[in-house]
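S.K.: Structure in structure tokens, see below.
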There are 2 protein chains.
Amino acid sequence: LTEDSLVAALRAIVETRAADSGIPTRIVLGIGDDAAVWQPSRSHLSVISTDALVEGVHFELGSMSPSAVGKRAMAANLSDIAAMGARPVLATVALGVAPGTDEAWILDCYRGMSELAATFRTAIVGGDIVRAPAMVLSLTVVGEVSRSRLKRRDGGRPGDVLAVTGALGASRAGLELLRRSLPVAADARAAALAAFETPTPRVAEGRYLAASAHVHALMDSSDGLSTDLARLARSSACGATLCALPVHPAAVAVARAAGHEPRDYALDGGEDFELIAAVSARGFGHLARRFATAFGKPLLRLGHLEAELGLRIAVDGGAADVLQPAGWDHLRRSTGSG
Amino acid sequence: LTEDSLVAALRAIVETRAADSGIPTRIVLGIGDDAAVWQPSRSHLSVISTDALVEGVHFELGSMSPSAVGKRAMAANLSDIAAMGARPVLATVALGVAPGTDEAWILDCYRGMSELAATFRTAIVGGDIVRAPAMVLSLTVVGEVSRSRLKRRDGGRPGDVLAVTGALGASRAGLELLRRSLPVAADARAAALAAFETPTPRVAEGRYLAASAHVHALMDSSDGLSTDLARLARSSACGATLCALPVHPAAVAVARAAGHEPRDYALDGGEDFELIAAVSARGFGHLARRFATAFGKPLLRLGHLEAELGLRIAVDGGAADVLQPAGWDHLRRSTGSG
């Protein structure tokens, strides 16, 4: 039972039922992308995404502040909206409260969520509070985007350049630091912990990329590059070759101290919340230059999409190897290096 | 720590933060009603509600089919949309999967959700699947309503007639039947179990009531009449007197067999998902006649709002007593008769 196979089965149930009952097709995009899309009025698209965090699975109460837990949950959802090229507008929060949780924890968690939401001009408008055996945060964020700027993950074409908005692996490194004591320099430690605890969703970058017609597909890298790249390529009916792997310096430092391969953190770690884009080869150079000017950081080239299905890796000038998706499957433990 | 006090504290955090950062007020209605409301375009309002069910708190895996669990979760969310006078459009589902849950359970649960959603022309468009220590279903439903038909819970006025779309207490009776073996006639048993396991959200009734300018306030009775009536009255800066209590026949039969007071099931049981309306005294008679013709069932009179704050009960011609809200508080065990 993998997440992708289960999602496919659920999608079949839902779509058959909807087709049978003649539900009007105001739904532009259903299950299977970073977010779903509908059309509330003629001129306009709305985007919705739901993402849940569970204590003991996605975070440990002992090792993270309630504010960081709240920020992390909000970041994951905002990242999904960013991955559609949309602007977040509002959020709802379903909070499952574990026995013995004090009110201060809940209030601090909300403070964290509100703070990050406000940074992106997003309002928390409601939700539900229930008792639960462990803390559960299930957030839903709604955004909006004009029809011409909506970016799906299935629009990639053979020959497109694959690019990413930042180096990868730092979040996985932060998780490692929370799990055990490692001799790592202070700046790498701080960067890794911040990447894990208070990641920044790439909302501005997503809207910037969405404005370019050269960007054919967009998604976030929340489940790990190897898994998410495979999804983007498969959705676009393409294969992909990864020719460069931008590993975050903090991931290099922590992985070495932990006796792990830094590239595994970047490939399979997940939760970096960078955006992956498929960009027309013709438009990439110009877009990358403009992006660097706008954000003061490069749009990093990862490789390219191609007609031959499957995922390949050919970094450091070596021959291409098959790349196995080994990122986060929400129904299994991570099969990464941890 | 009660739900209402916690929600008030969270609301303060969220609204202060939003005010500080100058979030544009596209948000028409935030925390504190059945659903939140925003304005995606000039002509149009969207409505969003999130509601979570947790195994061991809201349902037991052993006593309910997965399809019924799914239907119940969907019904609770559709009911919140109905309580705004809105039409549901789409839903997202965050599913927390407990260890050892088989794929068949998940698929059947989705079949139940999809079936009820399709009945109300609502599409399930996405969500998230995560591991969790117990089954958790957190649903979000988005609906739409024209600005003139939106019904909040804070619009009631002194003198308004309080009315309800159906008799109460059957869901609480169904829960009792799942908890223990009781000698109850087959038809009452079937009605009580159906009310608990597969409640019907009053979507059509909500839209009908929303079309009348005589309806000043609307909410659903999901947490129990005593609790929800107190919320409606307090939101409307009114008090209320309950003069008639329509107890469902199945609630009478089960409560008697269980040695409980039937009126406690109707007052405090909750999860009936009927709609409570505050209707102008002048318009009530006409509206109730039209409602009866449209739906083949009466719009039942409960009592009235008044200027004097507080909740009173004066059924069976007796003197008015103070009525204590004793319905479902999501952070405590029900203080009802169970």
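The values are calculated or read from the model by the stated rules, or taken from the named source; none is laboratory data. What you see is a predicted model; the values in this text were computed from it and never measured. Every residue, glycine among them, receives a Cβ derived from its backbone with ideal geometry; neighbour counts consider all protein chains shown. Just the protein is used for accessible areas: all its heavy atoms, side chains included, with ligands, DNA and RNA removed. Shrake-Rupley method; radii C 1.70, N 1.55, O 1.52, S 1.80 Å.
S.K.: Using θ = phi - 60° and the Karplus relation 6.51 cos²θ - 1.76 cosθ + 1.60, list the HN-Hα couplings for segment B:196-203 in order, rounded to whole Hz, with x at every Gly or Pro.
M.R.: Karplus values, whole Hz, x for Gly and Pro: 7, 8, 9, x, 9, x, 8, 5.
S.K.: Also, quick follow-up: Using modelled backbone amide H atoms (1.01 Å from N, in-plane), which distant-in-sequence or interchain residues come within less than 5 Å of residue A:90's amide H?
M.R.: Answer set, sorted by chain and number: A:123, A:142.
S.K.: Assign one of three labels to segment A:101-230, namely rounded, prolate or oblate, based on the Cα gyration tensor with a ≥ b ≥ c the square roots of its eigenvalues; rounded applies when a/c is under 1.5, prolate when it is not and a/b is larger than b/c, and oblate otherwise.
M.R.: Details: a/c = 2.17, a/b = 1.27, b/c = 1.71.
Oblate, since a/c reaches 1.5 and b/c is not below a/b.
S.K.: For a quick check: with amide H placed at 1.01 Å from N, whose amide H comes under 5 Å from residue B:274's, ignoring anything fewer than 5 positions away on the same chain?
M.R.: Amide H neighbours of residue B:274: B:221.
S.K.: Extending each Cα 7 Å along its Cβ direction at residue B:322 and residue A:256, get the distance between those two points in nm, one decimal.
M.R.: Placing both labels 7 Å beyond Cα along the Cβ direction yields 7.1 nm.
S.K.: Something else: Work out from phi, with θ = phi - 60° and the Karplus expression 6.51 cos²θ - 1.76 cosθ + 1.60, the ³J(HN,Hα) of each residue of segment B:268-276, listed in order in whole Hz, and give x for Gly and Pro.
M.R.: Working through the residues one at a time gives 10, x, x, 6, 7, 6, 7, 9, 9 Hz.
S.K.: Continuing with this model, one more query. Residue by residue, what Karplus-based ³J(HN,Hα) values in Hz, rounded to whole numbers, does segment B:286-297 have, using 6.51, -1.76 and 1.60 with θ = phi - 60° and x for Gly and Pro?
M.R.: Coupling constants for segment B:286-297: 5, 4, 5, 5, 5, 4, 4, 5, 5, 10, x, 8 Hz.
S.K.: Placing a label point 7 Å from Cα toward Cβ, how far apart in nm is residue A:62 from its equivalents in the other copies, listed shortest first to one decimal?
M.R.: Taking the point 7 Å beyond Cα along Cα→Cβ, the inter-copy spacings are 3.2 nm.
S.K.: A further question on this structure: Checking an interface number: how much accessible area is buried between B and A, summed over both chains, with a 1.4 Å probe, in Å² rounded to 100?
M.R.: Values: alone 15180 and 15130 Å², together 24290 Å².
Summed over both sides, the interface buries about 6000 Å².
S.K.: Which whole-number value in Å² is the accessible area per residue of the protein assembly as shown, probe 1.4 Å?
M.R.: Working: 24290 Å² over 676 residues.
Result: 36 Å² of accessible area for each residue.
S.K.: Follow-up. Using amide H atoms built in the peptide plane, which far-off residues or other-chain residues are under 5 Å from residue A:130 H to H?
M.R.: Correct list: A:95, A:96, A:97.
S.K.: Distances from residue B:2 to the same residue in each other copy, label points 7 Å out along Cα→Cβ, in nm, shortest first?
M.R.: Nearest to farthest, the other copies are at 5.1 nm.
S.K.: So, one more: Run lengths n ≥ 4 of DSSP H only: what is the helix-derived mean residue ellipticity at 222 nm for chain B, with -39500 (n - 2.57) per run over all residues, to the nearest 500? Mind dumping the intermediate values first?
M.R.: On the way: 10 runs with 125 residues, N = 338.
Mean residue ellipticity, 222 nm, calculated: -11500 deg cm²/dmol.
S.K.: Find every distance from the label point of residue A:290 to the corresponding label point in the other copies (7 Å from Cα along Cα→Cβ) and write them in nm, one decimal, shortest first.
M.R.: Output for residue A:290: 5.4 nm, nearest copy listed first.
S.K.: Next question. Rounded to the nearest percent, how much of the accessible area of chain A (1.4 Å probe, protein heavy atoms only) is carbon and sulfur?
M.R.: That share works out to 51 percent.
S.K.: So, one more: Taking the convex hull of the Cα atoms, report for the protein assembly as shown its projected area averaged over all directions, in nm². Kindly include the intermediate steps, with their values, before the conclusion.
M.R.: Details: hull surface 118.9 nm².
Directional mean of the projected Cα hull area for the protein assembly as shown stands at 29.7 nm².
S.K.: Kindly provide the Kirkwood hydrodynamic radius of segment B:56-126 in Å, to one decimal, from all pairs of distinct alpha carbon atoms. If you can, show how the numbers build up before the last one.
M.R.: Numbers: mean 1/r = 0.0786 Å⁻¹.
With all distinct Cα pairs of segment B:56-126 included, I get 12.7 Å.
S.K.: Normalised by the residues of segment B:129-222, what does the relative contact order come to in percent, with Cα pairs under 8 Å and at least six apart? Could you put the intermediate results ahead of the total?
M.R.: Numbers: 57 pairs, mean separation 38.3, N = 94.
It rounds to 41 percent for segment B:129-222.
S.K.: Sticking with this structure for a sec: Can you give me the relative contact order of chain A as a percent, contacts being Cα pairs under 8 Å and 6 or more apart? The partial results should precede the final answer.
M.R.: Details: 795 pairs, mean separation 69.4, N = 338.
Contact order relative to length: 21 percent.
S.K.: Turning to a different aspect of this structure: Which stretch or stretches of segment B:280-305 have amide N atoms under 12 Å from the point lying 7 Å from residue B:314's Cα along the Cα→Cβ direction?
M.R.: B:303-305
S.K.: Also, quick follow-up: Principal axis extents for segment B:197-268, Cα atoms only, whole Å, descending order, please.
M.R.: Between the extreme Cα coordinates on each principal axis of segment B:197-268 lie 43, 29, 18 Å.
S.K.: By a straight-distance test (C-alpha under 13 Å), which aspartates and glutamates pair with residue B:151 as possible cross-link partners, with residues fewer than eight away in the same chain excluded?
M.R.: Candidates past the 8-residue exclusion: B:33, B:34, B:80, B:205, B:220.
S.K.: Considering only DSSP beta bridges whose two residues both sit in chain B, what percent are antiparallel, to the nearest 5? Intermediate values should be presented prior to the final figure.
M.R.: Working: 44 of 58 bridges.
Of all bridge pairs located within chain B, approximately 75 percent are antiparallel.
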